[in-house]
């Protein structure tokens, strides 16, 4: 049974400067709820209630968000504004939170490795808050947990993207198993359109088995001099099995300004009601 979900939240958020100069990008709100809270809610709904945050300098606001603010609670107690805290109170009552710091920004693989002390020797989920995934039914992580319970191997979420945008993603190729599942045979980090093995791009949802930590330790720096999770997953696929899953739901790239605006408009028009997300 998977119990933990890792959130790499140490990045600088340079695409949103100057807003992110002193504010974590993960705390940018989609209407009235920060991005990271959407991810944590998805994790908890999937049964992954132990939340491991890999943070960095200037990220105290994330830790404070997943804590009680006694002054605020006292100030609005008994007023109509108290209802605005319903969603975060639910998260705090159902989840437990732990964190460590990533002292240097050396890539997603390094961030995952930094979280080893929080995860231990067990399979775990990974959610990248930049990717906001919305569903009417099971969330993306919930869908993947069901697959893990069946196959017991690492799983990455994928979606088809236009070839003109393929260089922004890790890209997979593999054997089609049906039902949106592929057994990964090749995986390349941010290839050009000419080098891409397919148009199936990895997005920010993973389930990883704990042997990934030993693989990451032995993975040399790759693209941009960073330790790439994609490279470690390719090693794992060659030595065993990694599955890619074409998930059900809608994903917004909130790491980009256009995607963030699109997500905000969508949530406001379809989800937000009377001040409640």
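The values are calculated or read from the model by the stated rules, or taken from the named source; none is laboratory data. Given the structure is predicted, the values throughout are model-derived calculations rather than measurements. Here the Cβ positions follow ideal geometry from the backbone for every residue, glycine too, while neighbour counts run over all protein chains shown.
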Check the stretch 208-215 and report whether any residue there is in contact with a strand residue (DSSP E or B) (Cβ under 7 Å, 6 or more places away or on another chain), closer than 12 Å to residue 229 by Cβ, modelled with pLDDT of 90 or more and assigned to a strand (DSSP E or B). yes
With the condition kept exactly as written, say whether any residue in the stretch 41-55 is surrounded by fewer than 22 Cβ atoms within 10 Å (Cβ to Cβ), modelled with pLDDT under 90 and out of contact with any strand residue (DSSP E or B) (no Cβ under 9 Å at 6 or more places or on another chain). no
Condition first: touching a residue at least 12 places away in the same chain (Cβ under 8 Å) and either more than 19 Å from residue 32 (Cβ to Cβ) or in contact with a strand residue (DSSP E or B) (Cβ under 9 Å, 6 or more places away or on another chain) (or both). Now tell me which residues in the stretch 62-90 satisfy that. 62, 63, 65, 66, 67, 83, 84, 86, 87, 88
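Checking the condition within 15 Å of residue 35 (Cα to Cα) and either surrounded by 17 or more Cβ atoms within 10 Å (Cβ to Cβ) or free of Cβ contacts under 8 Å to residues at least 24 places away in the same chain (or both), which residue from 134, 118 passes? Explain how you work it out, then say what you get.
Numbers: 118 fails: within 15 Å of residue 35 (Cα to Cα).
Checking each option against the conditions leaves just 134.
Considering only residues of the stretch 131-151 that are outside any helix (DSSP H, G or I) and either modelled with pLDDT of 95 or more or touching a strand residue (DSSP E or B) at 6+ places or on another chain (Cβ under 9 Å) (or both), which is farthest from residue 30 (Cα to Cα)? Don't jump to the end; show me each part of the working.
Step one: filter the stretch 131-151 for residues outside any helix (DSSP H, G or I), giving 131-139.
Of the ones still in play, those that are also either modelled with pLDDT of 95 or more or touching a strand residue (DSSP E or B) at 6+ places or on another chain (Cβ under 9 Å) (or both) are 131-135, 139.
Numbers: 131: 12, 132: 9, 133: 12, 134: 12, 135: 16, 139: 17 Å.
Filtering first and then ranking leaves 139.
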Being modelled with pLDDT of 95 or more, more than 20 Å from residue 45 (Cβ to Cβ), in a strand (DSSP E or B) and out of contact with any helix residue (DSSP H, G or I) (no Cβ under 6 Å at 6 or more places or on another chain) is the requirement here; does residue 158 meet it? yes
Search the stretch 188-202 for residues being modelled with pLDDT of 90 or more and in a strand (DSSP E or B), and hand back the single one that is farthest from the chain's Cα centre (by Cα). 200
In the stretch 42-54, which residues are without any contact (Cβ under 8 Å) to a residue 60 or more places away in the chain and either in a loop (DSSP other than H, G, I, E, B) or more than 23 Å from the chain's Cα centre (by Cα) (or both)? 49
Give, as residue ranges, the helices (runs of 4 or more DSSP H) completely inside the stretch 55-119 that count at least 3 residues that are under 20 Å from the mean Cα position of the chain (by Cα) and closer than 30 Å to residue 226 by Cα. 60-65, 108-114, 116-119
